[in-house]
Amino acid sequence: MPGDTTHYLHDLVGRVQRGDPAARRALLDAACGRLRRLAAHILSGSFRDLAGRHDLDSIVHDTWLRLAQALESARPESVEHFFRLAAQKVRHVLLDLVERKGRDHDSLHTADGSEPGAVGGRTLDPAKLAEWTEFHRRAAALPDDERAVFEMHYYLDLPQAEVAAALGLHPKKVSRLWLAATDKLADGVAEHDPTP
């Protein structure tokens, strides 16, 4: 992606608004690397128990397809709108994987005698997955300004300075909104141990 990411994306969004189909594809391609990084980050953090069953490329591919489908009928109004749409699609893919895992959990059978739900030597923990599912659902219910900052920083892995530029906010305001969002999300969510 070109060095001035924000300027490049503003240009692409403007071209998409004018109906340029090549710009739509370029916008999706520009987001692909970031989608891969954020999916890896979220999968290894919030959804570690799914990592043994779903590879990163398939998660990125599903997210990219959903985003491409959304852009066929919706033209982003701004870079902020595009980022929020992308964050929403990432969240939908991850939550769908959790729900699918929940449906499949009771039907898992292993030939080696290990406990049902053990994949690659790791136990799939339904309670932990339920906790993280609730976390991501609560993220979707944040107030609009907090949700915008949270989605762009957490799901899309954008630095706060880039979030501020995309939203037209002062960096200190973005920092305050981030803290307010994470305080709300931390309330009632158990401490997550990042070690395997």
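Quick look at the numbers
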{"item": "Glu77 being assigned to a loop (DSSP other than H, G, I, E, B) and modelled with pLDDT of 85 or more", "result": "yes"}
{"item": "Residue count, region 48-60 (criterion: part of a helix (DSSP H, G or I) and either closer than 15 Å to Gln88 by Cα or modelled with pLDDT under 80 (or both))", "result": "5"}
{"item": "Matching residues in region 16-42 - criterion: being outside any helix (DSSP H, G or I) and either within 15 Å of Arg66 (Cβ to Cβ) or basic (Lys, Arg) (or both)", "result": "Arg18"}
{"item": "Residues located in region 80-117, provided they are at pLDDT 80 or above and among the small types (Gly, Ala, Ser)", "result": "Ala86"}
{"item": "Flag for Val79 being within 17 Å of Asp157 (Cβ to Cβ), surrounded by 16 or more Cβ atoms within 10 Å (Cβ to Cβ) and in contact (Cβ under 8 Å) with a residue 12 or more places away in the chain", "result": "yes"}
{"item": "Residue match in region 31-47 (condition: more than 15 Å from the chain's Cα centre (by Cα) and at pLDDT 80 or above)", "result": "no"}
{"item": "One residue from Phe135, Phe150 being among the aromatic types (Phe, Trp, Tyr) and at pLDDT below 85", "result": "Phe135"}
{"item": "Condition check for Gly188: assigned to a helix (DSSP H, G or I), modelled with pLDDT under 80 and either more than 25 Å from Gly33 (Cα to Cα) or within 17 Å of the chain's Cα centre (by Cα) (or both)", "result": "no"}
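The values are calculated or read from the model by the stated rules, or taken from the named source; none is laboratory data. The structure displayed is predicted, hence computed values, not measured ones. Because the Cβ atoms are built from the backbone with ideal geometry, glycine has one as well, and the counts that use them run over all protein chains shown.
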